[in-house]
Amino acid sequence: MNDDILRLLHVRGDFLSGEEISRQLGISRTAVWKRIGKLKEEGYEIDSVPHKGYRLDPFPRGRIYGWVLEQAFEELDSQLFDRLIFAETLDSTNLEIKRRIAEGELKSGMVAVCEQQTAGRGRRGRAWASPAGSGLWFSLGLNPDIQPAHAPMLTIIAGMAVRDALEALYGLEAGIKWPNDIIVGNRKICGILTEMTMEDLEMSGVVVGIGINVRPAAFPEQLKDIATSIQAETSGDAPDRARLLCQVLSRFEHYYKIFIQTEDLSALHTTYEAHCVNIGRTVRVISPTQEFEAKALGIDDMGGLRLQLEDGTLRTVTSGEVTIRGVMGYGK
């Protein structure tokens, strides 16, 4: 019933009288008043004005409304994603998609979104802070007919999709730091983690986790040279995360269809390279076995980073930590 009240207030977008809420939901005005009080206790910011009624703040503490996401998702009319899952709190959206895959729920594609993660993860097992109201935390569950070795290229596609969305919606000059970070002003605004699920030694699905910093206008001292957010870069109102989600999904679907045709990045690597901040710069590559510096030349058709060492030797890396001086606090 509380969700029904929230939905009515959201759709109205202005003051709605307790009498009208009572009539539409078939409950007493006293019941309406009590439920409004409960919603306020839960953190929803609802104005109450005599003779006018109640009005819901569209961004109460940065909350995401599940029904707003669902409506936006339906309007997207995706041919790839056939299911949206929303929860206030999850351990991890990647883990949620993995559970759904294990239960046989994955068909074409699904999307899991939550307000906060309690066990968000980045690459190499690092923790990914995902507090409520601060970001857009979501994962894509995909069932592509590709070789498992080609699944990591979906990280590249996701990066392109996020970069496009940030530019289209907010005019941000975002770049991509190979292979999985989106950068604005040399600071990280988004991270991507791609994982495979296996069953009977065969790939049963691919999970692409995406975390976008949306609301923090400022970061603590230890992060101020490393992280940024949409609101910090635009100084605007709280971004509409439902709109942002759908913009990313739309761009991802566009690039995904091109990728599936060739099962590589031959038709996409030029577009990717146009926004890759590594290219033309000296990078430091750190792997479990070695560490070296080289000049980044671009990516190959499989998404590997092409490098030129100091002696002119050409080399391609497909994994490892790649840092760039001056980006995300490195080398300062």
Any hit, segment 51-72, residues being exposed (fewer than 12 other Cβ atoms within 10 Å of the Cβ), modelled with pLDDT under 90 and farther than 30 Å from Glu105 by Cα: yes
Test: residue in segment 237-255 that is more than 22 Å from the chain's Cα centre (by Cα), polar (S, T, N, Q), closer than 23 Å to Thr155 by Cα and assigned by TED's automatic domain parsing to the domain that holds Arg163: no
Condition broken by Thr234, with the remaining ones in (1) among the hydroxyl-bearing types (Ser, Thr, Tyr); (2) surrounded by 14 or more Cβ atoms within 10 Å (Cβ to Cβ); (3) in contact with a strand residue (DSSP E or B) (Cβ under 9 Å, 6 or more places away or on another chain) satisfied: (3)
Strands (runs of 3 or more DSSP E) (entirely within segment 174-231) containing at least 2 residues that are hydroxyl-bearing (Ser, Thr, Tyr): 187-199
Where Gly120 falls short, out of the listed (1) more than 18 Å from Glu195 (Cα to Cα); (2) within 18 Å of the chain's Cα centre (by Cα); (3) at pLDDT below 90: (1)
1 or more residues among the charged types (D, E, K, R) and over 24 Å from the mean Cα position of the chain (by Cα): qualifying strands (runs of 3 or more DSSP E) within segment 1-114: 46-49, 53-56
Test set (1) over 12 Å from the mean Cα position of the chain (by Cα); (2) modelled with pLDDT of 90 or more; (3) under 23 Å from Gln231 (Cα atoms); (4) not in a helix (DSSP H, G or I) - Trp137 fails condition number: (1)
Pick from segment 1-40, criterion out of contact with any Leu (no Cβ under 9 Å at 6 or more places or on another chain) and modelled with pLDDT under 90, ranking: farthest from His51 (Cα to Cα): Asp3
Failed item, numbered, when Leu314 is tested on (1) modelled with pLDDT of 95 or more; (2) under 16 Å from Lys177 (Cβ atoms); (3) in contact with a strand residue (DSSP E or B) (Cβ under 9 Å, 6 or more places away or on another chain): (2)
Pairs where the first residue, in segment 302-319, is on the phi < 0 side of the Ramachandran plot and surrounded by 19 or more Cβ atoms within 10 Å (Cβ to Cβ) and the second is of a type outside the set (Asp, Glu) and not in a strand (DSSP E or B), C-beta under 8 Å, 6+ apart: Gly304/Thr318; Leu305/Trp178; Leu305/Pro179; Leu305/Asn278; Leu305/Thr318
Residue that is surrounded by the most Cβ atoms within 10 Å (Cβ to Cβ) [pool: residues in segment 209-226 that are among the small types (Gly, Ala, Ser) and free of Cβ contacts under 8 Å to residues at least 60 places away in the same chain]: Ala217
Residue among Arg284, Arg306 that is modelled with pLDDT under 95 and basic (Lys, Arg): Arg284
When residues of segment 239-260 are limited to those that are in a helix (DSSP H, G or I), modelled with pLDDT under 95 and not hydrophobic (A, V, I, L, M, F, W, C), the one surrounded by the most Cβ atoms within 10 Å (Cβ to Cβ): Arg241
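The values are calculated or read from the model by the stated rules, or taken from the named source; none is laboratory data. Predicted model, so just to flag it, every value in this text is computed and none were measured. Here Cβ is always computed from backbone atoms with ideal geometry, including for glycine, and neighbour counts include all displayed protein chains.
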